[in-house]
1. What dipole magnitude, in Debye to the nearest 20, does the protein assembly as shown give about its Cα centre under +1 on Lys/Arg Cβ and -1 on Asp/Glu Cβ?
2. Let me make sure I get this right: for the stretch A:4-126, a, b and c are the square roots of the gyration tensor eigenvalues over alpha carbons, sorted descending. Under 1.5 in a/c it's rounded, otherwise prolate if a/b > b/c, else oblate. Which is it?
3. Please give the residues of the stretch B:92-112, grouped as numeric ranges, whose backbone N is less than 20 Å from a label point set 7 Å along the Cα-to-Cβ vector of B:Ile149.
4. Could you calculate the FRET efficiency of B:Ser33 with A:Thr40 from 1/(1 + (r/R0)^6), where r is the beta carbon distance between them and R0 is 45 Å, rounded to 0.05?
5. With an 8 Å cut-off on Cα pairs and a minimum separation of 6 or more residues, tell me the relative contact order of the stretch A:4-126 in percent.
6. If each residue of separation counts as 0.36 nm, what is the full-extension length gain between B:Leu53 and B:Val158 once their alpha-carbon separation is subtracted?
7. I need the shape label for the protein assembly as shown. Rule: rounded when a/c is under 1.5, else prolate if a/b > b/c, else oblate, with a, b, c from the alpha carbon gyration tensor.
8. Determine, from the Cβ-Cβ distance of B:Asp112 and A:Ser30 and an R0 of 30 Å, the FRET efficiency 1/(1 + (r/R0)^6), rounded to the nearest 0.05.
Amino acid sequence: MREIRTLIVDDSSVMRKIVERSLRQAGLDSLVVFEAGSGTDGLDVLRAEAVDLIVSDINMPSMDGLEFLRQIRAQNLAPGVPVVMITTESSEEHVKQAILSGAQGYIRKPFTAEQVKERVLPLVNAA
Amino acid sequence: MLLNGVRTAALARSQRAGKDETECVMTVSLRESVQLVSDPRNLDASVEEVFQLMLGVDCKRECSPPVHEAESVTAVVGFGGVLSGACVFRSGARAALRVAALMTGMEFNGIDDTVMDAIGEIGNMLAGAWKGKVPNLAANCGLSVPAVISGRDYNLHVQAPEFQLHHVYRFEDASFEVTIICDGLQ
């Protein structure tokens, strides 16, 4: 099974652990996880490491998830790497903004491991 | 002061999402759906959903007051946009430690940064789930990042909100309170 190098961006360390656990429960056993507590830190990770998947919160202090996404695209970091947003924001408008900013997937908190599997695995397999 | 701070942050988030205050006033009125916004069943459903999905436990509303503990943890998540106010989660130390343990799979002996982080996330998810029950709120109300307070024998005072929901819930043998404070509705 190939290694899936994954960047998880969330200001909550607890949520980063929950996301990692959910990804493993979804079948991504061979995860190599990089954690970042903000969009700014996430960009630093992407400048230093190649990743296969990015999972990011939206509501974060200093640089939120949407700006993080825009910066990834503007700086051409991680081209072609799927990005999944995991957030409490659930309206169509928020989903639209995330997609327009470059996200390929969107998961609303609270979530189940099954939802993570349904929305993340196809992206990883297609990449 | 605290609530003003989280409200300002939530409003800023709403504005960054492309909705300025004027636009919200012009295009959306929650006043027409105030009964839906203040429906207590929305809060109960949100709490049950968050606890079932994220902690794997059943959680039910109860009528008796929460067990008082000197040490408690409070998470405040501000609302900004068409509704201004806050979602407040408050529990004694015992329930907070249990919530953190269920979320992380770790055991905790006292309230530390991880426990406060977990309680902040619970507050965030409750606020998000609650506003998601009302379409106008889901689209036009922003959330602040959580502010978490821990300590002994403190009170949170709110001046005459427009409406307030205050419920007590129980899971396993622990209880906690959730309060939705609305001090402005457009």
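1. The dipole magnitude comes to about 480 debye.
2. The shape class here is rounded.
3. Residues B:92-97, B:111-112 qualify, since their backbone N sits under 20 Å from the label point.
4. 0.70
5. 25 percent
6. Taking B:Leu53 through B:Val158 to full extension adds about 34.7 nm, to one decimal.
7. oblate
8. For B:Asp112 and A:Ser30, the calculated efficiency is 0.45.
Throughout, read-outs are computed from the coordinates displayed, never taken from laboratory work. In this text, all values refer to a predicted model and were calculated from it rather than measured experimentally. No Cβ is skipped: glycine too gets one built from the backbone with ideal geometry, and neighbour counts run over all protein chains shown.
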